[in-house]
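Right, one structure below, let's go through it.
The values are calculated or read from the model by the stated rules, or taken from the named source; none is laboratory data. Given the structure is predicted, the values throughout are model-derived calculations rather than measurements. FYI the Cβ positions are ideal-geometry reconstructions off the backbone, even for glycines, and counts take in every protein chain you see. Side chains included, ligands, DNA and RNA excluded: accessible areas come from the protein's heavy atoms. Shrake-Rupley method; radii C 1.70, N 1.55, O 1.52, S 1.80 Å.
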Amino acid sequence: MAWNTNLRGRLPVACLILQVAMVVLFGVFVRYDIQADVNWWLEKKRKNISSDIENEFYFRYPSFQDVHAMVFVGFGFLMTFLQRYGFSAVGFNFLLAAFGIQWALLMQGWFRFFQEGYIILSVENLIEADFCVASTCVAFGAVLGKVSPVQLLIMTFFQVTLFSVNEYILLNLIEAKDTGGSMTIHTFGAYFGLTVTWILYRKNLEQSKQRQSSVYHSDLFAMIGTLFLWIYWPSFNSASSFHGDTQHRAALNTYLSLAASVLTTVAVSSIVHKKGRLDMVHIQNATLAGGVGVGTAAEMMLTPYGALIVGFFCGIFSTLGFAYLTPFLESHLRIQDTCGIHNLHGIPGIIGGIVGAVTAAFSSDVYGEQGIVHSFGFGGYKTDWTKKMQGSSQIFGLLLSLAMALVGGIIVGLILKLPFWGQAADENCFDDTIYWEIHEEVSTVYIPEDLTHKHPAPLRHQYLHHPWYTKLPRQASQTVPKLCKELERPSWSLRSRVASGKACCPGPSTSHTPFIPGALLENARDSNSVSSKPGSAAEGLPQAGVMMLNGKWLGREWA
């Protein structure tokens, strides 16, 4: 089947329609919160607020910055590990996040921030929208390299919608606690993405297997994303918590869990390799599992050693998942998980949901009765609420997230499976050139000045009168004029002729550093002086880049 990947008609239409729809919906429904409105000064007078420092912006915006950097830089660069898919990893992550934030502000606004017919917009909305988009970035990791940008926009539209519904039911109706999103963000995002990629299974993906691997520099770029995520994860898990002890505790628990997962990841990565070496895939991903696993219980009285225990086990299970579970899922269950999101977000997310339920149900000794009322909102209309009931709510929330992810993933996967979204063929997956204009690489080496202005005489005449020319043996002295004449031809093709062994390549030559046939690069004493083959008439003479190897002319690439 021939695949049409030309997006000239589809992608612009999709982007423009969605953005125009956002403009219209924002114009109808969205208004500033009073703290962002021009009438804030009147609100200060009414509430007897003496300083603008009391504005919510100054409390929430630092956390928003950190979460925002995680979504756009952290997740984006984490997925640049594919050797030929860096543009798409960062660029498509940018695209889906920019659209997803706008749609999330509307969806979450209708469910949670709707007052008197309007969505009230504040910094808190932006943080919650970033959380929602983080879930779409997680799902993107499962289908990375196998879908078109149009498919990503469609997937983002439906996932944001399902996320908002799931989040509202879990937090407002079931009243589970999930400050760091182990259930709503990671579990939902991971199993939604895995279900979509299961529906979109490509039986001939083996044809693109070589491009699915990484190279040294791509792994280094991916590690930048890891470090951004690792550093800012405490802000991620604490951003939506109440000010004071709750937010403080969430940041501390997250940091401790992350630190523990690093050590266990390194340990297990070394154990599973027969020579005890570390795998960069494990270090890039499993070191973050502690932040995922502690998300639900981050603001609870998990205790410092409890946070370390969570990170300890998350690092182990995540690393083992990358080593053994990912190949099993692909070979037996037809789940082609490009980034291994099941190991970084799926398994640790389930662990986080269970840890939250256990912590809520068996925590009276560390909370005290007053602490339980304060932390879980017992009392008021929840007069009969108990710790066991809170634990049950946490489990129901986890099961709800899984169910919404699986059912929603099947529906969205079937929609994306339609053949007219511009998706690439199996043999063209994981390649930037399908959707991006890639400029040909040019070597950044010194290019000599235009010799037509500097030396009016033909190139061969310059070398025939050079002092060292008389020292060359007869064969070499006959070769130099021919090569120089060849270089003067405008149609001379460096790559093809060097590759075929039919021509040599001069380096940056001057009257003092001509090129010498027969010089060997491995005998170089410095960058501008290369000794020719020992015993030849040209031995020890300076040159600028020509060598002869195994009877073929080779050269240093310069143009």
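Within the range 288-296, can one find any residue that is open to solvent by less than 30 Å² (accessible area, probe 1.4 Å), farther than 26 Å from Thr195 by Cβ and part of a helix (DSSP H, G or I)? No: zero hits.
Let's see how each residue does on (1) at pLDDT 95 or above; (2) within 19 Å of Leu227 (Cβ to Cβ); (3) assigned to a helix (DSSP H, G or I):
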| site | (1), (2), (3) |
| --- | --- |
| Asn48 | no, no, no |
| Met70 | yes, yes, yes |
| Gly74 | yes, yes, yes |
| Ala89 | yes, yes, yes |
| Trp103 | yes, no, yes |
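With respect to Gly117, determine if the residue is modelled with pLDDT under 95 and open to solvent by less than 30 Å² (accessible area, probe 1.4 Å). When the stated conditions are applied, Gly117 does not pass them. Which ones in the range 160-194 are out of contact with any Leu (no Cβ under 8 Å at 6 or more places or on another chain) and within 16 Å of Gly109 (Cα to Cα)? Selection gives Val160, Thr161, Leu162, Phe163, Ser164, Val165, Glu167, Tyr168, Leu171, Asn172.
Residues that are open to solvent by less than 10 Å² (accessible area, probe 1.4 Å), closer than 22 Å to Cys339 by Cβ and either touching a residue at least 60 places away in the same chain (Cβ under 8 Å) or out of contact with any Leu (no Cβ under 7 Å at 6 or more places or on another chain) (or both) within the range 297-314 comprise just one, Cys314.
Taking the stated definitions as given, is Leu278 among the aliphatic types (A, V, I, L, M), closer than 29 Å to Ser208 by Cα, open to solvent by 30 Å² or more (accessible area, probe 1.4 Å) and without any contact (Cβ under 8 Å) to a residue 40 or more places away in the chain? Yes: the conditions hold for Leu278. Looking for something open to solvent by 30 Å² or more (accessible area, probe 1.4 Å) and either more than 23 Å from Arg249 (Cβ to Cβ) or modelled with pLDDT under 95 (or both) - is there at least one such residue anywhere in the range 339-346? No, the range 339-346 contains no residue that is open to solvent by 30 Å² or more (accessible area, probe 1.4 Å) and either more than 23 Å from Arg249 (Cβ to Cβ) or modelled with pLDDT under 95 (or both). Among the residues of this structure, Phe221 counts as one that is open to solvent by 10 Å² or more (accessible area, probe 1.4 Å) and touching a residue at least 40 places away in the same chain (Cβ under 8 Å). Screening the candidates Gln151, Gln159 for the property of being at pLDDT 95 or above and under 18 Å from Leu399 (Cα atoms) yields one hit, Gln159. In the set (1) crowded, with 22+ Cβ neighbours inside 10 Å; (2) closer than 14 Å to Ser401 by Cα, Thr197 fails one condition alone, (2).
Listed by first and then second residue, the pairs with beta-carbon distance under 9 Å, at least 6 apart or on different chains, first residue in the range 199-214 and charged (D, E, K, R), second open to solvent by 70 Å² or more (accessible area, probe 1.4 Å), are Lys203/Arg334; Arg211/Arg84. Candidates in the range 373-418 are the residues that are modelled with pLDDT of 90 or more and not in a helix (DSSP H, G or I); of these, the one that is most open to solvent (accessible area, probe 1.4 Å) is Lys417. Put simply, of Ser257, Ser240, Ser261 the only residue that is under 26 Å from Lys177 (Cα atoms), open to solvent by 40 Å² or more (accessible area, probe 1.4 Å) and either outside any helix (DSSP H, G or I) or among the small types (Gly, Ala, Ser) (or both) is Ser240. Report yes if Phe64 is over 10 Å from the mean Cα position of the chain (by Cα), open to solvent by 30 Å² or more (accessible area, probe 1.4 Å) and of a type outside the set (Val, Ile, Thr), otherwise no. Considered against the rule, which asks whether it is over 10 Å from the mean Cα position of the chain (by Cα), open to solvent by 30 Å² or more (accessible area, probe 1.4 Å) and of a type outside the set (Val, Ile, Thr), Phe64 comes out as no.
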